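Before any comments, here is the structure.
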Amino acid sequence: MVHSFVGKIQKSISHFVHKRHGLNKVLVVAEEVREGYFAVVAVKDGELKRFMIGLEYLSDPEFLGLLDQSREEYGFIQKGAIFVPCRPQQLQTILDGQR
């Protein structure tokens, strides 16, 4: 039953990614996301990188700004990983700044 559920999630995410971003493969399996984290994919101008983000970043103003940009560009229909419209280096800079 769990395997079937995970398969459905993978299928819906890969369909969403292909439809919204023209990318061939970005699979996010729920089992890979540890408790206290969520998956974010930074994507812009063909650059793509997946990050595991700790929940503490939900109070970081710069990260919240990226989430707001994501809402404006993609809406609230995202499932699985959250896609943010920025280069991976930009997201990494934000993450490094809170350490």
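The values are calculated or read from the model by the stated rules, or taken from the named source; none is laboratory data. Quantities reported herein were computed from a predicted structural model and do not represent experimental measurements. Cβ placement follows ideal geometry from the backbone for every residue including glycine, while neighbour counts extend to all protein chains displayed. With ligands, DNA and RNA removed, areas are computed over all heavy atoms of the protein, side chains included. Shrake-Rupley method; radii C 1.70, N 1.55, O 1.52, S 1.80 Å.
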Out of segment 89-99, which residues are part of a helix (DSSP H, G or I) and open to solvent by 40 Å² or more (accessible area, probe 1.4 Å)? Gln89, Gln90, Gln92, Thr93, Asp96, Gly97
Can you pull out every residue in segment 66-88 that is over 23 Å from Arg34 (Cα atoms) and in a helix (DSSP H, G or I)? Asp68, Gln69, Arg71, Glu72, Glu73, Tyr74
State whether the residues of segment 9-32 include one that is within 11 Å of the chain's Cα centre (by Cα), at pLDDT below 75 and in a helix (DSSP H, G or I). yes
Pairs under 7 Å by beta carbon, first residue touching a residue at least 40 places away in the same chain (Cβ under 8 Å) and open to solvent by 70 Å² or more (accessible area, probe 1.4 Å) in segment 43-56, partner part of a strand (DSSP E or B) and charged (D, E, K, R), six or more apart or different chains? none
